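Let me begin by presenting the structure, written as structure tokens, before commenting on it.
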Amino acid sequence: MVILKSPQEIEKIRKACRVVANVLEGVRTKVRAGITTKELDEFAEQLIRDAGAKPAFKGYRGYPSTLCTSVNEQVVHGIPSKGVVLRPGDIISIDVGAVVDGFYGDAAITVPVGSITNEAERLIKVTEESLLKGIAEAIPGNRLYDISAAVQSHVEAHGFSVVREFVGHGIGRSLHEDPQIPNFGERGGGPKIKAGMVLAIEPMVNAGGCVTRVKEDGWTAITADGSLSAHFEHTIAVMEDGPLILTR
Ligand code: MF3
Ligand code: CO
């Protein structure tokens with residue numbers, strides 16, 4: 001069941017989303033060769049707590065950390081660790097959620113560590129563009145899979161592939177609400193998009209094939225073929241006149 005939000009509720013979600021956006025900008029400045037993903041996680045948790053918010057992922061189904069830090073062939077849900085030291089040429093997806101006053105915000109960015117290959121740069125750029133193209137379809141009267149199709153067609157036009165096993169989601173008083181938002185699908189399909197929907201749209205894009213698997217830790221998703229993967233996410237509200245990005 002899709003829960004539509006009032007303007008007052010959207011305002012509350014926006015507060016959580018502001019914290020999320022600030023954390024991502026803060027963590028982005030810390031990303032460099034030599035830092036561990038555990039250090040990034042501790043920094044992020046401090047920023048969230050200083051803002052009077054709570055990490056949304058920590059404790060969610062037993063997830064241990066504030067951030068998901070997914071390096072190179074890791075797609076999503078990489079667990080921060082003292083053992084993971086960033087190296088020049090890596091790409092890292094940083095995904096974070098925060099709760100303020102019972103409302104959730106969720107967003108992710110992928111950033112380079114030092115100088116990266118042209119292909120990695122292109123992967124990051126195309127993934128972020130696909131997110132923005134998906135968001136642009138979040139207009140009342142459109143269908144949900146218009147978002148999916150816009151993401152997929154942009155990604156595939158550039159020779160990359162979209163992940164099937166993980167999807168975007170509604171968000172509000174829970175981190176994950178209906179509807180599920182696949183990053184693939186047919187234009188014109190799915191439920192009608194309505195004003196008051198709040199959606200976390202999150203393309204995960206692989207440089208190689210679309211197949212993923214989950215590592216023995218039960219969380220970390222990686223590409224089956226070892227190719228690089230990128231991930232961007234925004235929480236948006238569907239307003240009468242179109243999408244409003246809350247995690248900008
Ligand atoms: N943005 C991701 C999602 O919506 C992060 C969830 S990590 C988890 O699924 F630990 F909270 F599951
Ligand atoms: Co999400």
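Of note:
- Lone unmet requirement of (1) within 15 Å of Gly78 (Cα to Cα); (2) more than 16 Å from ligand 2 (Cβ to nearest atom) for Ala195: (1)
- Residues in the range 99-113 that are of a type in the set (Phe, Trp, Tyr) and away from ligand 1 (no atom under 13 Å from the Cβ): 1 in all.
- For the range 106-128, a residue qualifies if it is surrounded by fewer than 18 Cβ atoms within 10 Å (Cβ to Cβ), part of a helix (DSSP H, G or I) and among the small types (Gly, Ala, Ser), but none of them does.
- Any hit, the range 199-215, residues being in contact (Cβ under 8 Å) with a residue 60 or more places away in the chain, outside any strand (DSSP E or B) and within 16 Å of ligand 1 (Cβ to nearest atom): yes
- Cross-chain or 6+ apart pairs with Cβ under 9 Å, the range 32-53 first and within 18 Å of Gly89 (Cα to Cα), then at pLDDT 95 or above and acidic (Asp, Glu): Ala33/Asp90
- Flag if Val163 is at pLDDT 95 or above, touching a strand residue (DSSP E or B) at 6+ places or on another chain (Cβ under 6 Å) and open to solvent by 30 Å² or more (accessible area, probe 1.4 Å): no
- Of the residues making up the range 60-71, one or more are open to solvent by 50 Å² or more (accessible area, probe 1.4 Å), within 16 Å of ligand 2 (Cβ to nearest atom), at pLDDT 95 or above and closer than 18 Å to Ala107 by Cα.
The values are calculated or read from the model by the stated rules, or taken from the named source; none is laboratory data. Since the model is a prediction, treat every value here as computed from it, not as a measurement. Cβ: placed from backbone, ideal geometry, glycine included. Neighbour counts: every protein chain shown. For the accessible areas, the whole protein counts, side chains as well, though only heavy atoms, and no ligand, DNA or RNA atoms are used. Shrake-Rupley method; radii C 1.70, N 1.55, O 1.52, S 1.80 Å.
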